[in-house]
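The values are calculated or read from the model by the stated rules, or taken from the named source; none is laboratory data. Quantities reported herein were computed from a predicted structural model and do not represent experimental measurements. Neighbour counts are summed over all protein chains in view; Cβ atoms, including those assigned to glycine, are modelled from backbone coordinates with ideal geometry.
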Amino acid sequence: MIALLVRDLRLAMRAGGGFGLGLAFFLIVSTLVPFGVGPEAAILSRIAPGILWVGALLACLLSLDRIFQLDFEDGSLDLLATAPIPMEGIVGVKALAHWLVTGLPLTLAAPVLGTLMNLESPGHFWIFITLLIGTPALSMIGAFGAALTVGLKRGGLLLSLLVLPLYIPTLIFGAEAATRGTAGLSASTPLLMMAGITAGSIALLPFAAAAALRVNLR
Amino acid sequence: MSLWEFANPVKFMALSGKVLPWVIGLCAITLIPGMIWGFFFTPEATNFGNSVKIIYIHVPSAMMAINIWVMMLVTSLIWIVRRHHVSVRAAKAAALIGVTMTVIALITGAIWGQPMWGTYWAWDPRLTSFLILFLFYLGYMALWAAIDNPDTAADLTSVLCIVGSVFAVLSRYAVNFWNQGLHQGASLSLDKEEHVSNVYFQPLLLCIAGFILLFLALVLIRTRTELRLVRLHRLDVRERMKDA
């Protein structure tokens with residue numbers, strides 16, 4: 001499983017695309033929003049946590065179809081399926097690799113982009129913490145969606161239609177926690193709820209994703 | 001006679017063909033009088049005027065929209081556990097009706113909201129969760145439409161339905177939290193049922209019964225169509241195998 005993780009990370013680094021693309025997309029979204037809503041500092045700092053969360057979510061979505069698609073096309077997914085590790089483990093490792101190359105960089109970049117959006121001072125910490133806890137759920141849910149659509153020729157658009165509704169609870173709690181934390185209120189309730197969604201997704205969704213993969217490899 | 005016997009489409013077709021006219025008849029004799037009673041023979045409500053009468057479409061369709069998703073969850077589970085071939089077709093048939101009911105509930109709600117609240121749309125928890133439910137229906141139906149092989153499509157959509165149900169419930173509570181937690185005092189209460197007087201409640205009950213029967217009739221018709229489509233697909237595949 002570690003070998004698989006290292007392989008996926010290497011592929012992501014060397015083949016280009018996924019790794020930098022998500023970050024660049026995140027940067028562009030954060031740059032575009034002030035053009036759309038105007039440069040007033042007060043408005044920007046109020047909507048900054050929400051915009052950063054939506055931006056991170058969309059950036060995460062961009063690279064989802066690469067989780068299984070390439071391996072499915074060149075046949076290595078079939079080999080992985082016959083390997084002595086369970087399918088659930090493969091899904092988990094793939095989601096972890098996806099998180100390491102998109103979720104983690106997004107989390108690290110978000111406080112910096114927050115400065116662009118005139119985020120208040122405790123906000124940098126809160127956006128970092130909420131994204132750190134929330135993005136694993138985004139990767140895991142995304143891996144489930146990718147497993148559903150792996151057999152399809154043009155699954156990209158369908159994938160976003162399937163995955164975005166599933167992202168709603170994570171987004172609500174994540175953005176809520178970040179907003180409350182920035183405003184100086186207690187953010188523990190939404191933070192714990194989001195942590196619960198992340199933990200539940202990591203515990204249960206590999207089984208659903210593995211079931212979908214088995215159907216698609218049949 | 002057990003549920004499992006009707007996993008055989010032939011048996012299901014035979015029984016549903018016999019039952020269908022009765023269901024349609026029952027639906028007609030509940031829904032039509034219920035609507036006429038509700039629209040023409042109830043008084044105008046104070047503060048509501050005539051707009052109260054939209055309740056006879058709005059409430060039953062909203063109830064059905066939620067309950068149809070629950071039915072899809074149950075039928076999907078039955079397919080996954082026992083590979084009950086009619087069950088999963090019924091889920092697919094129900095999705096189409098469910099999404100229609102959701103749209104009807106949203107539109108009638110908007111039409112009702114304009115004179116009552118002064119707005120077609122508010123980010124009220126209930127309204128928002130219905131919009132989310134609509135998105136879930138769309139995703140489910142899009143997945144059905146995208147996959148050619150009927151058995152693969154059935155498996156994948158069933159998995160999606162189960163996972164989606166969990167997230168739909170999560171979203172419902174997240175949305176509740178989101179709007180009541182921060183923006184205090186949402187003054188729009190949609191808990192009308194407890195405040196509805198009998199004058200409106202009796203025709204409403206009749207309409208709800210009518211909508212349930214309407215759904216039953218439609219889902220039977222649609223399931224029969226789906227089963228015939230699967231049969232067509234299989235015949236088509238067999239024909240092509242012969243040529244090859």
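If you filter the stretch A:155-172 down to residues that are facing chain B (nearest Cβ under 7 Å) and closer than 12 Å to A:Val54 by Cα, you find that the one that is surrounded by the fewest Cβ atoms within 10 Å (Cβ to Cβ) is A:Ile168.
Show me the helices (runs of 4 or more DSSP H) found entirely inside the stretch A:61-144 where at least 2 residues are without any contact (Cβ under 8 Å) to a residue 24 or more places away in the chain and closer than 16 Å to A:Ala178 by Cα. Spell out the reasoning first.
Numbers: elements: A:69-73, A:76-82, A:87-98, A:104-116.
Ranges flagged: A:104-116.
Do we have A:Phe144 as crowded, with 23+ Cβ neighbours inside 10 Å, of a type in the set (Phe, Trp, Tyr) and farther than 30 Å from B:Pro150 by Cα here? No; evaluated as a whole, the condition is false for this residue. Exactly one residue out of B:Ile80, B:Ile104, B:Ile147, B:Ile111 is modelled with pLDDT of 85 or more, more than 14 Å from chain A (Cβ to nearest Cβ) and more than 18 Å from the chain's Cα centre (by Cα), and it is B:Ile111. Being free of Cβ contacts under 8 Å to residues at least 12 places away in the same chain, outside any helix (DSSP H, G or I) and within 8 Å of another protein chain (Cβ to nearest Cβ) is a description that applies to A:Leu152. A count restricted to the stretch A:95-134 and to residues that are among the hydroxyl-bearing types (Ser, Thr, Tyr) and surrounded by fewer than 24 Cβ atoms within 10 Å (Cβ to Cβ) stands at 3.
Got at least one residue in the stretch B:130-144 being β-branched (Val, Ile, Thr) and over 20 Å from the mean Cα position of the chain (by Cα)? Working first, answer last.
Taking the stretch B:130-144 first, the residues β-branched (Val, Ile, Thr) are B:132.
Within this subset, residues satisfying the condition of being over 20 Å from the mean Cα position of the chain (by Cα) are none.
So far as the stretch B:130-144 goes, no, none of its residues is β-branched (Val, Ile, Thr) and over 20 Å from the mean Cα position of the chain (by Cα).
For A:Ala137, the test of being crowded, with 24+ Cβ neighbours inside 10 Å, modelled with pLDDT of 85 or more and more than 21 Å from B:Ser171 (Cβ to Cβ) is failed. Using the structure shown, decide if A:Leu164 is touching a Leu at 6+ places or on another chain (Cβ under 6 Å) and part of a helix (DSSP H, G or I). Against the criterion (touching a Leu at 6+ places or on another chain (Cβ under 6 Å) and part of a helix (DSSP H, G or I)), A:Leu164 does not qualify.
Looking only at the stretch A:193-206, filter to residues that are touching a helix residue (DSSP H, G or I) at 6+ places or on another chain (Cβ under 6 Å) and more than 9 Å from every other protein chain (Cβ to nearest Cβ); which one of those is farthest from B:Ser171 (Cα to Cα)? Result: A:Pro206.
Residue-by-condition table, conditions (1) part of a helix (DSSP H, G or I); (2) within 14 Å of chain A (Cβ to nearest Cβ); (3) at pLDDT 90 or above:
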{"position": "B:Thr119", "(1), (2), (3)": "no, no, no"}
{"position": "B:Trp123", "(1), (2), (3)": "no, yes, no"}
{"position": "B:Leu133", "(1), (2), (3)": "yes, yes, yes"}
{"position": "B:Asp155", "(1), (2), (3)": "yes, yes, yes"}
{"position": "B:Ala168", "(1), (2), (3)": "yes, yes, yes"}
{"position": "B:Asn176", "(1), (2), (3)": "yes, yes, no"}
{"position": "B:Ala186", "(1), (2), (3)": "no, no, no"}
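If you go through the stretch A:184-218 and keep only what is touching a residue at least 40 places away in the same chain (Cβ under 8 Å) and more than 30 Å from A:Ala81 (Cβ to Cβ), you end up with A:Gly184, A:Ala187, A:Leu191, A:Met194, A:Ala195. When A:Glu176 is tested against (1) more than 20 Å from B:Asn149 (Cα to Cα); (2) within 8 Å of chain B (Cβ to nearest Cβ); (3) not in a helix (DSSP H, G or I), only condition (3) is not met. None of A:Val150, A:Val163, A:Val101 is modelled with pLDDT under 90, under 13 Å from the mean Cα position of the chain (by Cα) and farther than 29 Å from A:Gly38 by Cβ except A:Val101. Counting the residues of the stretch A:180-216 that are touching a Gly at 6+ places or on another chain (Cβ under 6 Å) and either surrounded by fewer than 22 Cβ atoms within 10 Å (Cβ to Cβ) or modelled with pLDDT under 90 (or both) gives 3. Yes or no: the stretch A:182-189 includes at least one residue that is within 12 Å of chain B (Cβ to nearest Cβ) and in a helix (DSSP H, G or I). Checked against the condition, which is being within 12 Å of chain B (Cβ to nearest Cβ) and in a helix (DSSP H, G or I), the stretch A:182-189 yields at least one hit.
Among all residues of the stretch A:118-138, there is none that is within 12 Å of another protein chain (Cβ to nearest Cβ) and not small (Gly, Ala, Ser).
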